[in-house]
Amino acid sequence: MGSPCDRRMRIGMKTRAQPPTLLRGFRGMVRSQDLGSSPPQSGGEVARAKPETERGAAYQPSRRSPEKIVRARELRHGENQAEATLWNELKAKKLGGYKFVRQMPIGPYFADFACRGQRLIVEIDGSQHAGSSYDGQRDEFMRGEGFSVLRLWNFDVLKNTRSVCETILAALEGRLAEDVAAADLRFVFAARKIGDNAL
């Protein structure tokens, strides 16, 4: 079994305090116990800054309900191939330096992609959305919230990604400034207001 001293050594306990050794470096003498990330053990230590939550900052609840946050996460994890392909082009401000987010809640709806700064929503639709009255209601709601909506087809995103990105960039830069309804895209324009004037 061994002596109690051997047992303490096996479980990592020190039997007696060991004096710090001095190391000579190019900056003079440094105690070995001061090396590394441990705080100094002598008096005069500087207190670690507490995180904001410990400092007593006012609690600010999220602007979104927990249910909407959970639903947005589910939608992000369940994205289809076209959404994943387009997200690869939009994330990290890759497209013209514009910031996009995925599955942003707007009222009772979730936008596939949204550029908050330019108030643009990009929706990627499959064939089940052709002529959908639900999509029309949704687009009008988002226009009422001040967002323009650009609807593109899954097929186009997968086969003509570059053209899709150029179309999104045109909408972001204001080159699409009226409603468009074509076979391969639909754009619902929402005039931006500055003061009392619409642009």
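The values are calculated or read from the model by the stated rules, or taken from the named source; none is laboratory data. As the structure is a prediction and not an experimental result, all values here were calculated from the model. Cβ atoms come from the backbone with ideal geometry, glycine included; neighbour counts cover every protein chain shown.
Computed values, structure above
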| item | result |
| --- | --- |
| Residue in the stretch 124-140 that is touching a residue at least 40 places away in the same chain (Cβ under 8 Å), in the same structural domain as Asn80 (by TED's automatic domain parsing), part of a helix (DSSP H, G or I) and among the basic types (Lys, Arg) present | no |
| Selection from the stretch 68-84 of residues that are charged (D, E, K, R) and modelled with pLDDT of 85 or more | Glu83 |
| The stretch 158-173 - residue that is more than 13 Å from Tyr98 (Cα to Cα) and touching a residue at least 24 places away in the same chain (Cβ under 8 Å) and, of those, surrounded by the most Cβ atoms within 10 Å (Cβ to Cβ) | Val164 |
| Check on Arg186, over 25 Å from the mean Cα position of the chain (by Cα) and not in a loop (DSSP other than H, G, I, E, B) | yes |
| Yes/no for Leu90 being modelled with pLDDT of 95 or more and touching a Lys or Arg at 6+ places or on another chain (Cβ under 9 Å) | yes |
| Any hit, the stretch 135-149, residues being modelled with pLDDT under 95 and aromatic (Phe, Trp, Tyr) | no |
| Boolean, Leu158 is farther than 25 Å from Val70 by Cα and not in a helix (DSSP H, G or I) | no |
| Residues within the stretch 115-139 that are surrounded by fewer than 17 Cβ atoms within 10 Å (Cβ to Cβ) and either in contact with a helix residue (DSSP H, G or I) (Cβ under 8 Å, 6 or more places away or on another chain) or over 15 Å from Pro105 (Cα atoms) (or both), tallied | 12 |
| Top-ranked residue in the stretch 79-97 [being in a helix (DSSP H, G or I) and aliphatic (A, V, I, L, M); ranked as farthest from Trp153 (Cα to Cα)] | Ala92 |
